[in-house]
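One structure is given below, encoded as structure tokens.
Just so it is clear, none of the values below were taken in a lab; they were calculated from the coordinates. Quick caveat, the model's predicted, so the values are computed rather than measured.
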Amino acid sequence: MLSFIWMCVIGLVAGALAKFIMPGKDPGGLIITMLLGIAGSILAGFLGRAIGWYQEGDGSGLLMSVLGAIVLLAAYRMFKKNSAGAVVK
């Protein structure tokens, strides 16, 4: 239970830092920001293990979690921009 709470706190901090670094109009409040940070941490851990930076079971850390959240935020903005201009027939 304590690890889940810790994951949520780190996710919230990582998501908030990512939104601070990439300001703009993004959806969501506290929960979405937390989920963005958690997903960024998962992405960073996956990519870090694929590259060989982390061993199985290693955490990605706050810096890499923020970078992962920035990547996800940038992907969201690219997807949103492309789908906003689409014409539905």
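By the Kirkwood approach, averaging reciprocal distances over each pair of separate Cα atoms, the chain gets a hydrodynamic radius of 13.6 Å. For the pair Met78 and Met22, the difference between a 0.36 nm per residue extended length and the Cα-Cα distance amounts to 18.8 nm. The gain in end-to-end length when the Val9 to Ile42 segment is fully stretched comes to 10.4 nm, 0.36 nm per residue minus the alpha carbon separation.
Within a straight-line Cα-Cα reach of under 14 Å, Lys80 can be paired with the following aspartates and glutamates, leaving aside sequence neighbours fewer than 8 residues apart in one chain: Asp26.
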